[in-house]
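What follows is calculated from the coordinates using simple rules that are stated; it is not laboratory data. Values in this document were obtained by computation on a predicted structure and should not be read as measured data. Cβ: placed from backbone, ideal geometry, glycine included. Neighbour counts: every protein chain shown.
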Amino acid sequence: MREVPFDPANDDIMERLKSVPAFDSLPESHIREAMRAASIRRYEAGETIIQEGEFDNQVFFLIFGQLKITVQDTEVGQLKRLGDVFGEMGIIDGSPRSATITTEKTSLVISLDDTAIGSLGETSKIFTQAVMYRVFAEVLAVRLRGANQKITEMQTELNELKE
Amino acid sequence: MKEIPFDPNDRETLTRLQQMPIFGAMDEERLPKVLGMAMLRRYEKDETIITEGDTDQAVYFLIMGRCSVSIEGVNVNAISEIGDVFGEMGIIDQKPRSATVRAEKPVLCLVLDSEFIERLEGVDKLAAEALFYRIFSEMLAARIRDANARILYLEEKLEECSMDNF
């Protein structure tokens, strides 16, 4: 893994960031401000980004590549879309990592460190948090809708089996 | 349902609100700006607060009472803690209501419409976004954990049932 600080003058990265669904409604100046605590990481295929059970306080946005999500060595999903967010649960509730994320291909991600956000000035911090938590809420809302739908289907199936 | 504008001089309700993580964390200058846009609503037992499929976009903060959450008639959750937030998903992704919320006993809640953040300006707006979306994220994360536990439980039950049927 190679890590470089986020360079707001890098137009290629900025263009990609602007097309991330969570960021597309934000003025470019807000994105630049919010990314002051960010760094860019490049992983080769087969590297581990997040290890199940560990504690850290980083959240990641996928720029390109393909990632595999595993829980207790069982694959539970993949991430490959620009702007896919992962690792946010640790920042939200301080819980240990619930899954392992490894790269299937060379991947580029943006990482935001909660500690680094805390060391920004008050206004930058508010900027970053406003953007970050908005993205989290959007991601989590989609997940909760999916989970609730699944509960409804399973409960209905169970009720039918019991009849 | 009875609705009245929130009265910032209502010390009793204000004190209750300040016990909630979201309003307790807001600084003294911003709190009246946000609460000045809020309404208080009282629902009687069995009244429907949110109807699945509707496209209204208000967010609710429970002050008193207990609500049930159901999808297609199946009970999926309950809202019973002071400060519990519900209806926030409409603000987050502007989709139709994914569930019905009903008062299980008399309910008192604070209501903000989805545009309230847009009506704030500058740092006030960003600070409100940072705070509200953080609380929304925490609520959603807790609900996802509950939902995942429920899914595991249902998986086990379904497996037991299919075994019984052999």
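Within 10 Å of the Cβ of each residue in B:138-149, the mean number of Cβ atoms contributed by other protein chains is 6.
The alpha-carbon of A:Lys18 sits under 15 angstrom from the alpha-carbons of these aspartates and glutamates, leaving out residues fewer than 8 places away in its chain: A:Asp7, A:Glu28, A:Glu33, A:Asp84.
Under the combined filter of DSSP loop state and at most 16 neighbouring Cβ atoms within 10 Å, segment A:1-66 retains these chymotrypsin sites (Phe, Trp or Tyr not before Pro): A:Phe55. Shown here for segment A:36-121: GluC sites (Glu not before Pro) in loop regions (DSSP other than H, G, I, E, B) with at most 16 other Cβ atoms within 10 Å, namely A:Glu44, A:Glu47, A:Glu52, A:Glu54, A:Glu104. Residues B:Ser137, B:Ser80, B:Ser98, ranked from the fewest to the most other C-beta atoms within 10 Å, line up as B:Ser80, B:Ser98, B:Ser137. For chain A, build the charge dipole from Cβ charges (+1 Lys, Arg; -1 Asp, Glu) around the Cα centre, then report which of A:Phe23, A:Leu108, A:Gly118 sits farthest towards its positive end. Working it through, the farthest residue towards the positive pole turns out to be A:Phe23. Relative to the Cα centre, the charge distribution of segment A:2-162, modelled as +1 at Lys and Arg Cβ and -1 at Asp and Glu Cβ, gives a dipole magnitude of about 240 debye. For segment B:142-148, 3J(HN,Hα) computed residue by residue from phi via the Karplus equation (6.51, -1.76, 1.60; θ = phi - 60°) reads 5, 5, 5, 4, 4, 5, 5 Hz, glycine and proline entered as x. Each Lys and Arg adds +1 at its Cβ and each Asp and Glu adds -1 at its Cβ; summed about the Cα centre, the protein assembly as shown shows a dipole of about 320 debye. So, in Å, what gap is there between the alpha-carbon centers of segment A:11-88 and segment B:101-166? Their Cα centres are 24 Å away from one another. Under the rule a/c < 1.5 gives rounded, and otherwise a/b versus b/c splits prolate from oblate, where does segment A:23-122 land using the Cα gyration tensor? Oblate shape, in that a/c is at least 1.5 and b/c is the bigger or equal ratio.
Its convex hull of Cα atoms gives segment B:2-164 a direction-averaged projected area, equal to a quarter of the hull surface, of 10.4 nm².
Over chain A, dividing the summed -39,500 (n - 2.57) contributions of all DSSP H runs of at least 4 residues by the number of residues returns a 222 nm mean residue ellipticity of -13000 deg cm²/dmol.
The lysine pair tally for chain B, using Cα distances under 22 Å and a gap of 8 or more places or different chains, is 4.
In the frame of its principal axes, the protein assembly as shown has Cα extents of 66, 59, 30 Å, reported largest first. Seen from B:Ile22, the other residues with C-beta closer than 13 Å to its C-beta sum to a net charge of -3, counting Lys and Arg as +1 and Asp and Glu as -1.
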